[in-house]
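Below is one structure, written out as structure tokens, with a few remarks after it.
The values are calculated or read from the model by the stated rules, or taken from the named source; none is laboratory data. If you're wondering where the values come from, they're calculated on a predicted model, not measured in any experiment. All Cβ positions, even for glycine, are placed from backbone atoms using ideal geometry, and neighbour counts span all protein chains on display.
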Amino acid sequence: MNKRISGLGAQLKEKLIQQSLERRLRSAGQTTQPPQAPRAGAKAQQVPEQFRRFDQHPGYQQLRIISEGGTRLGIANPFFKLHEGRAGAHTTIAGKDLLNFANYNYLGFSGDPRVNAAAVAAIERYGTSVSASRVVSGERPIHRELERSLAALYGTDDAVVMVSGHAANVTTIGHLFGPRDLIVHDELVHNSILQGIKLSGAKRLPFAHNDWAALDSLLERQRNDFERVLIVVKGIYSMDGDYPDLPRFVEIRNRHQCFLMVDEAHSLGVMGKRGYGIREHFGLQGSDVDIWMGTLSKTLAGCGGYIAGEHALIEHLKFLAPGFLYSVGMAPPLAAASLAALECLHAEPARVEKLQHNGQLLLESLQRKGIDTGHSTGLAVVPAIVGSSVKATRLSASLLEQGINVQPILYPAVPEKAARLRFFVSCEHSPAELQHAARCTAETLADL
């Protein structure tokens, strides 16, 4: 009985500390009214410190509150772990070999000898950098080869690759749309989409997650008040591991005469019999979606982003989108690595089948242990929702001690009640490793 009372007391203490941290975070996030400009001829006012010191910036203050709260709760920082070699189904941290669920190397192509060899050959031919914007003098054959291959994959006219997936979304949306336009998006889209919308100046309206009926109703009311309208959804949602009923969104796009954009960052290599993404999964045409976006840093083992679509879209972006026009061209070894990985994807559909089987196995194993996996479909991303940032962080730390690396996702990245561990599955995980991870997660969670 005394042990139980002691445990309850510790939980109450944690709860009080956590509530205090949440109040402090909300307070730090509130903006202070800026000082009024002095009248002409009046003596200049002293500018408050919070407007001229980075350590007084609200964002940094929030970071300090989170760090101090972790210290008070005896929780180590779970972020910026140093991986000492190739990270795939296994990784090495602090000299210890770990079972790894904390990266996007879904098909194991990052570190594959064929991909490595392609990158080395590109360095030997082109060097490590193109040293210029592609428009000026940074164009290389490897860029066009990769873009043609991506266009063929999507059944579109053309494609363009950029040095960052985040920047690809920001510059594409930010450049193509403006203040007289409307952008409607799933409430769980990536930050890069939200930043692109902000840059564009377009009206932004979110709709409930995967709720095509809510989108349809919204457009019935709003479509005719704007010029261009863009609908944005993702292929796989990286926090939850679910996906939209894309044919429904295509129907809505056609009926309301809108543009449709799909962010395939996590669905290429994961969905479809051959891993060709959500288009293959639903049997759609490339032209059913206006803007196909994806990243090169996950299945395709490089770094950067791409846009695929009709000739007019791609030519427009290449000549006028600031994030492409004023940026250095993609480094040759990265373009070569992604092209080689794409060739491997075509040649080895068995990796996709194994990945899909592994995702289902982990999902079902966690569910059998009573773990809340939310709306995950088991396609590479499987959350274990524990409902507390403190509990998620402690669970992650304990699993690390047991040789399992899986990252916690904490408030304010997700609502506090949705705090979780997020498992990224690889085709290289064995069934025994997946079942071991599920068992350790359930047993450790029960002891917290």
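Table for the structure above
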item	result
Residues that are in a loop (DSSP other than H, G, I, E, B), within 22 Å of the chain's Cα centre (by Cα) and more than 19 Å from I173 (Cβ to Cβ), drawn from the stretch 275-291	G275, Y276, G277
Residues satisfying the stated conditions in the stretch 168-194, i.e. in a loop (DSSP other than H, G, I, E, B) and either touching a Phe, Trp or Tyr at 6+ places or on another chain (Cβ under 7 Å) or surrounded by 18 or more Cβ atoms within 10 Å (Cβ to Cβ) (or both)	F177, R180, D181, E187, L188, V189, H190
Test: residue in the stretch 281-293 that is over 20 Å from L194 (Cα atoms), crowded, with 22+ Cβ neighbours inside 10 Å and touching a residue at least 12 places away in the same chain (Cβ under 8 Å)	no
Residue under evaluation R274, criteria (1) in contact (Cβ under 8 Å) with a residue 40 or more places away in the chain; (2) within 15 Å of S287 (Cβ to Cβ), criterion not met	(2)
Conditions (1) more than 22 Å from the chain's Cα centre (by Cα); (2) closer than 21 Å to L296 by Cα; (3) hydrophobic (A, V, I, L, M, F, W, C): number failed by L182	(2)
Residue within the stretch 376-390 that is surrounded by fewer than 19 Cβ atoms within 10 Å (Cβ to Cβ) and hydrophobic (A, V, I, L, M, F, W, C) present	no
Pair list, Cβ < 6 Å and 6+ apart or interchain, from the stretch 335-360 residues that are in the same structural domain as H143 (by TED's automatic domain parsing) to residues that are of a type in the set (D, E)	L339/E145
Hey, E84 surrounded by fewer than 16 Cβ atoms within 10 Å (Cβ to Cβ), charged (D, E, K, R), free of Cβ contacts under 8 Å to residues at least 60 places away in the same chain and closer than 30 Å to E433 by Cα or not	yes
Count - residues of the stretch 314-334 that are out of contact with any strand residue (DSSP E or B) (no Cβ under 7 Å at 6 or more places or on another chain) and assigned to a helix (DSSP H, G or I)	8
Candidates I231, I236, I197, I252 - the one that is β-branched (V, I, T) and in a loop (DSSP other than H, G, I, E, B)	I236
Condition met for F101 (surrounded by fewer than 11 Cβ atoms within 10 Å (Cβ to Cβ) and either in the same structural domain as N405 (by TED's automatic domain parsing) or modelled with pLDDT of 90 or more (or both))	no
Search result, residues across the stretch 25-75 that are more than 25 Å from R394 (Cβ to Cβ), of a type in the set (A, V, I, L, M) and at pLDDT below 70	A37, A40, A42, A44
Exclusive hit being under 26 Å from the mean Cα position of the chain (by Cα) and more than 30 Å from P383 (Cβ to Cβ), set E139, E147, E84	E147
All positions within the stretch 127-163 that are among the hydroxyl-bearing types (S, T, Y) and in a loop (DSSP other than H, G, I, E, B)	T128, S129, S131, T156
Hits in the stretch 301-329 - residues which are surrounded by 15 or more Cβ atoms within 10 Å (Cβ to Cβ) and touching a Lys or Arg at 6+ places or on another chain (Cβ under 9 Å)	K318, F324, L325, S327, G329
Test result for T393, part of a helix (DSSP H, G or I), within 21 Å of the chain's Cα centre (by Cα) and touching a residue at least 40 places away in the same chain (Cβ under 8 Å)	yes
Residue among G241, G294 that is assigned to a strand (DSSP E or B) and within 20 Å of the chain's Cα centre (by Cα)	G294
Among the residues listed as L355, L361, L400, L421, the single one being in a strand (DSSP E or B) and of a type outside the set (S, T, N, Q)	L421
Residue within the stretch 202-222 that is under 30 Å from V328 (Cα atoms) and either in contact with a Lys or Arg (Cβ under 6 Å, 6 or more places away or on another chain) or assigned by TED's automatic domain parsing to the domain that holds L260 (or both) present	yes
